[in-house]
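What follows is a short report on a single structure.
The values are calculated or read from the model by the stated rules, or taken from the named source; none is laboratory data. Every value quoted in this text rests on a predicted model; they were computed, and no experiment measured them. Cβ coordinates were reconstructed from backbone atoms using ideal geometry, including for glycine residues, and neighbour counts include every protein chain displayed.
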Amino acid sequence: MKKLFLFISMVIISVSAVSQPVMKLTESEHDFGTFKEEAGKQTYNFHVFNTGNSPLVIQNVVASCGCTQPEWTRQPIPAGEEGIITAIYDPKDRPGRFNKTLSVYTNSKPEVVVFVIKGEVIPREKTIEEIFTFPVGAVRFESNHLAFTNVKKTEKKIRVMQLINISKEPVKIGFDNLPAHLSIKANPETLKPGQKGIIEGTYDATKNGGWGNVSDMVKIVLNDVVQENVYYYVSANLVEDFSSMTREEMENAPVFKLAATTVELGTIPGATAREVEFKFTNEGKSDLIIRHVRSTCGCTAVLQGQQGVGIKPGGSSSIKAVFNSGSYSGKVTKAIYVYSNDPKNSEVILMLNATVEQAAAVK
């Protein structure tokens, strides 16, 4: 009996060992080489062969990114026959070199095989509309926003932007409604038909009393005519200049230490004013000066008492504001920005949270 059991077991093992699919590959990597983006989707077929004794099933194919779409033979591949795994790569908006994988899951050993596709996409030439996104009459600007990013309060900073005349006539470009701290001009001032030019902007932070993120809206003038309802947006983040401070000056600088940076107002009714207070101490070795305090919306009025006042070392004070719940409903979060002469903490964001409940309407 034992011999019979052993014989049957050996037969089962022998059949199991013989009756299995085997996936053989001619290649597991394909290089598309260099091609243009406008050539569109690139397709390549990987051929797989079943050299085993039972049907080969491609259970799933997973691409490493959405740019690659896999297709494959869905039916079981009989022994001795061939199946196909197709890789479709979409180069749209994907310039440069790429190296992507396809993970192929089957009922053979190993259960997962990785295919690789690679190549390099030459970016297509962008249209005038794509490069110059802001149209104003006969000209187009790269953008409607000239960003100066961080500007030290002691410096002048220059930014440039391209523009083009898309009309068949010369166009003179100018700007109106410029504040004292801002100078903007076109170079050349008059563009010939089809000609490109440069917008040159100069930001003089010494002439702007603001701090932090500030912005201006200026008018565009074409051929001495102000373009109505069209604005050119200019922004900057005005910061204090600590670059010239010595190590000793840094060690003796003021330190702006807040008791808390968030105030919880809890649940309050609509159309209600609540005063908030953020207490702070100067833990440094020289006078702490609050340069500027601003809120993110008109619903929070900052009381200006401490701005410009020197807080002695060890001294304490507070920043006060009034939040008006108005017509808000539900959870509300507002921010207050504080700028000081603490070189390690010159911009601090204070938060106030509230849950506003509006009175039910009377029927």
Which one is nearest to the chain's Cα centre (by Cα), of the residues in segment 261-294 that are of a type in the set (Lys, Arg) and farther than 15 Å from Phe323 by Cα?
Arg291
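Out of the residues in segment 327-353 that are farther than 29 Å from Phe242 by Cβ and surrounded by 13 or more Cβ atoms within 10 Å (Cβ to Cβ), state the one that is nearest to the chain's Cα centre (by Cα).
Initial filter on segment 327-353 (farther than 29 Å from Phe242 by Cβ): 327-333, 353.
From the residues that got through so far, the ones that are surrounded by 13 or more Cβ atoms within 10 Å (Cβ to Cβ) too are 328, 332, 353.
Working: Tyr328: 29, Val332: 24, Asn353: 26 Å.
Across segment 327-353, the extreme among qualifying residues is Val332.
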Residue under question is Gly266, and the condition is that it be of a type in the set (Gly, Ala, Ser) and either surrounded by 13 or more Cβ atoms within 10 Å (Cβ to Cβ) or modelled with pLDDT of 95 or more (or both); does it hold?
no
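Which residue out of Glu249, Glu277 is outside any loop (DSSP other than H, G, I, E, B), in contact with a Ser or Thr (Cβ under 9 Å, 6 or more places away or on another chain) and without any contact (Cβ under 8 Å) to a residue 12 or more places away in the chain? Don't jump to the end; show me each part of the working.
Working: Glu277 fails: without any contact (Cβ under 8 Å) to a residue 12 or more places away in the chain.
Of Glu249, Glu277, the one residue that is outside any loop (DSSP other than H, G, I, E, B), in contact with a Ser or Thr (Cβ under 9 Å, 6 or more places away or on another chain) and without any contact (Cβ under 8 Å) to a residue 12 or more places away in the chain is Glu249.
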Within segment 207-228, residues within 30 Å of Val239 (Cβ to Cβ) and exposed (fewer than 14 other Cβ atoms within 10 Å of the Cβ) come out as Lys207, Gly209, Asn213, Ser215, Met217
Within segment 239-254, is even one residue hydroxyl-bearing (Ser, Thr, Tyr) and within 15 Å of Asn144 (Cα to Cα)?
no
Given (1) part of a strand (DSSP E or B); (2) over 12 Å from Lys320 (Cα atoms), number of the condition Cys297 does not satisfy:
(1)
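Within the bounds of segment 316-326, is there any residue that is among the basic types (Lys, Arg) and either farther than 27 Å from His145 by Cα or modelled with pLDDT under 95 (or both)? Show your work before the answer.
Filtering segment 316-326 down to residues among the basic types (Lys, Arg) leaves 320.
So of that shortlist, the ones also either farther than 27 Å from His145 by Cα or modelled with pLDDT under 95 (or both) come out as 320.
Yes, there is a match, as at least one residue in segment 316-326 is among the basic types (Lys, Arg) and either farther than 27 Å from His145 by Cα or modelled with pLDDT under 95 (or both).
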Checked segment 38-71 for anything within 29 Å of the chain's Cα centre (by Cα), surrounded by fewer than 16 Cβ atoms within 10 Å (Cβ to Cβ) and not hydrophobic (A, V, I, L, M, F, W, C); matches are Glu38, Gly40, Lys41, Ser64, Gly66, Gln69
Check on Arg97, in a strand (DSSP E or B), in the same structural domain as Ala186 (by TED's automatic domain parsing) and of a type in the set (D, E, K, R)
no
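What number of residues within segment 92-129 are under 30 Å from Ile164 (Cα atoms) and polar (S, T, N, Q)? Walk me through it before giving the result.
So in segment 92-129, the residues under 30 Å from Ile164 (Cα atoms) come out as 92-96, 121-129.
From what's left, polar (S, T, N, Q): 127.
Qualifying residue count for the region: 1.
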In segment 100-111, which residues are among the polar types (S, T, N, Q) and part of a strand (DSSP E or B)?
Thr101, Ser103, Thr106
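So, Glu37, is that one charged (D, E, K, R), closer than 13 Å to Val116 by Cα and either at pLDDT 95 or above or in contact with a strand residue (DSSP E or B) (Cβ under 9 Å, 6 or more places away or on another chain) (or both) or not? Walk me through how you get there before you give the answer.
Values: charged (D, E, K, R): yes; closer than 13 Å to Val116 by Cα: no; either at pLDDT 95 or above or in contact with a strand residue (DSSP E or B) (Cβ under 9 Å, 6 or more places away or on another chain) (or both): yes.
Against the criterion (charged (D, E, K, R), closer than 13 Å to Val116 by Cα and either at pLDDT 95 or above or in contact with a strand residue (DSSP E or B) (Cβ under 9 Å, 6 or more places away or on another chain) (or both)), Glu37 does not qualify.
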